[in-house]
Amino acid sequence: MSVVMAVQVSCRGNCLALRMLSRSVSHSSVSVESVSELDSHTHTPALFSRSAIGTFFQERPLLTNPFTQDALLRAYLQRHLPEQAVQRDLLLFGERLVSEIEALGRQCELNPPVLQRFDPWGRRVDRILTCDAWTRLKHISAQEGLVAAGYERTYGEWSRVYQMSKIYLFAPSAGLYTCPLAMTDGAAKVIESLGVHSSREAFERLTTRDEKRFWTSGQWMTERRGGSDVSSGTETVARRQQDGWFKLYGFKWFTSATDADMTLTLARITDRHGRSTAGSSGLSLFLAEVWDSDGLCNGIEVQRLKDKLGTRQVPTAELLLDGMSAQLLSEEGRGVASIANMLTITRIHNTVCAVGAMRRITHLCREYARKRAAFGKLLKDHALHVQTLSRLEVETRAAFLFAMEVCRLLGREENRSASDRDTLLLRLLTPIAKLYTAKQAVSVVSEGLESFGGQGYIEDTGLPSMLRDAQVLSIWEGTTNVLSLDVLRSIAKSSGSVLQAFFTDVTERLLAAEASAALRPAVTSLHTSLSALKRFTQTAAARPTGALELSARDLAYSLARIYMGALLVDHAAWENATHTDIYAALRWCDQDLCPVVSRDSAGCYDPQKAAMDTALVYDGLQP
Ligand code: MFK
């Protein structure tokens, strides 16, 4: 092969390189051939191949053990769950994440599931084919007890904190395997709560560490009419069979991780004339195995897999239920109330995964800032850059403490050590934590990507998928507004007791921190916001119809910000807290902690303003 050809091969596809080469060559009046010959004699690399691609390559940010890197997680566990066994397990798990799981997660992103509709001989099979890495993640999930740890209850009321610490570490590496795990955990919780003996085997499989027996579960709630308004949107019917089982007929529009072994789903039981009851009281909860022992569907046609912005690793399908055999799990007509337990668990998983995403991006950003130089110095030496990262860190810390507090409350309830206040707080804080951390995750991950410059927008860095996958967190398991209305529902249903529990809890945490002079500005600000919020809620019931609903999102945000502030202050007042813990609490409390009061003062919830909102949104719309 001639030297010229060798150059062309080494620069294949790089026309720019060749153009630059001919320009530099014509300046020095040396032909391509003569330069190449010179190089071939002296054995130096071709001049142009260097000038074309340059010699500088940016170091990539390295992922190291996410447990050892996480100061707040380690401090939190040191304070609340200082068991050696927990430390050891998380340390080893962190190593496994780096050495094995991270690559599996990436493979899942690159090899999304496909639907095989027919076998080679034309038989309809509707198989959802996932990659080997997805199966491996299922096995690892069982081995590591990612669901089991919540039910073994080895650490009593701290068992959920232990389990969710693992999920938190796992999530950003797991190629969305957290999705089936969330639903599996939720299904186990529903079965345990209902105490259904006939589904004992399902419960045992959902919560086992034996990878050969481990089952995952789906949660099929969404039909064409919508995923939020489940009560009026569910058209699936259930026909009773002579053996006491049911056949289900309907169309499920979004089913996540549809390769699951079993599912929980809602349907309306028909009477012998085929009639069913409309609304929430007509819905019952069913358990069904999805596949038979030959891998064929149980009375299901998979219409298609969804083409999604993110979560591409997870099969999401439209399903026609055409006589799916199912077992009644709840009392007749108690479907929504029964599946609410599943929603609590999946919303907590969502919260934990949102924090996991924030933590991963902040770690990558700070690592990159130690390696990337611009304008003559490393990014870590640019104060403005570090200020931006510090703000992301404050968001992440507040979100982490919030997530862990909800897990702690869940653990206390399951350990039967919850006080009435704990139970009320768990009900109120679950939707708030989910809705607030989901929004934070989108914003923190987006800002984090920006700190990589153009590289944050490049697919094979793996960074863009983090943003895509964060975007779903505020959509599935209840959108921000649906969850804000759920907060109102919890207040109304408890006649305000959930709010009383909130006020008492925050006040006690602030009192405990009052001795700290360093924390005083944060404590004062939280007291002021809490008092303003109390006054708002006391007058809220007397407001015009609709005003409360208009304030729902801002109310949820206010409850979130105040509670997160109280948790940061509480953590910073701990005897082993560091000055960074105090600083994080102070910075958090710089913001408007009670937007519902600020917006109320601006008249945002007046009926006239609602009319103006409509006028603004539809301004210029042609009929
Ligand atoms: C990383 C994480 C991964 C997660 C993966 C998940 C993938 C799966 C994707 C999906 O499936 S996304 C679809 C998820 N769908 C939702 O989240 C539904 C959103 N809509 C709601 O949450 C509505 O608020 C709800 C359907 C619950 C409203 O239904 P209703 O029938 O209008 O409620 P209603 O009548 O107020 O309440 C019925 C009963 O349920 C009441 O109990 P009682 O009959 O005993 O009074 C309520 O108290 C109870 N309930 C409702 N919401 C509750 C609840 N109980 C406890 N907690 C709640 N949140």
Check your understanding: Has the range 322-343 got any residue that is among the aliphatic types (A, V, I, L, M), in contact (Cβ under 8 Å) with a residue 12 or more places away in the chain, surrounded by 24 or more Cβ atoms within 10 Å (Cβ to Cβ) and within 26 Å of residue 461 (Cα to Cα)?
Key -> no
Review point. Out of all the residues in the range 338-352, which are more than 7 Å from the ligand (Cβ to nearest atom) and over 15 Å from residue 284 (Cα atoms)?
Key: 345, 347, 348, 351, 352
Review point. Of all the residues that make up the range 344-372, how many are hydrophobic (A, V, I, L, M, F, W, C) and open to solvent by 10 Å² or more (accessible area, probe 1.4 Å)?
Key: 3
Review point. Does residue 255 count as polar (S, T, N, Q), touching a residue at least 24 places away in the same chain (Cβ under 8 Å), within 30 Å of residue 130 (Cα to Cα) and in contact with a Ser or Thr (Cβ under 8 Å, 6 or more places away or on another chain)?
Key: yes
Review point. Going through the range 241-298 one residue at a time, which ones are more than 14 Å from the ligand (Cβ to nearest atom), in contact with a Cys (Cβ under 8 Å, 6 or more places away or on another chain) and closer than 28 Å to residue 228 by Cβ?
Key: 290
Study note, to complete from the structure: Over the range 99-133, the set of residues buried (at least 17 other Cβ atoms within 10 Å of the Cβ) and free of Cβ contacts under 8 Å to residues at least 40 places away in the same chain is 111, 131
Practice item. Take residue 238 and decide whether it is aliphatic (A, V, I, L, M) and either outside any strand (DSSP E or B) or more than 31 Å from the chain's Cα centre (by Cα) (or both). Key: yes
**Study point:** Top-ranked residue in the range 449-493 [being more than 11 Å from the ligand (Cβ to nearest atom), open to solvent by 60 Å² or more (accessible area, probe 1.4 Å) and under 18 Å from residue 308 (Cβ atoms); ranked as farthest from the chain's Cα centre (by Cα)]
**Key:** 459
Check your understanding: For residue 558, are the conditions met, namely being without any contact (Cβ under 8 Å) to a residue 40 or more places away in the chain, closer than 21 Å to residue 536 by Cβ and buried (at least 23 other Cβ atoms within 10 Å of the Cβ)?
Key -> yes
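Residue by residue, here is whether (1) within 16 Å of the ligand (Cβ to nearest atom); (2) open to solvent by 50 Å² or more (accessible area, probe 1.4 Å) holds:
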position: 423; (1), (2): yes, yes
position: 428; (1), (2): yes, no
position: 431; (1), (2): yes, no
position: 443; (1), (2): no, yes
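The values are calculated or read from the model by the stated rules, or taken from the named source; none is laboratory data. None of these values were measured; they are calculated from a predicted model. Don't worry about glycine lacking a Cβ; one is built from the backbone with ideal geometry, like all the others, and counts go over all protein chains shown. These accessible areas exclude ligands, DNA and RNA; they are computed on the full protein's heavy atoms, side chains included. Shrake-Rupley method; radii C 1.70, N 1.55, O 1.52, S 1.80 Å.
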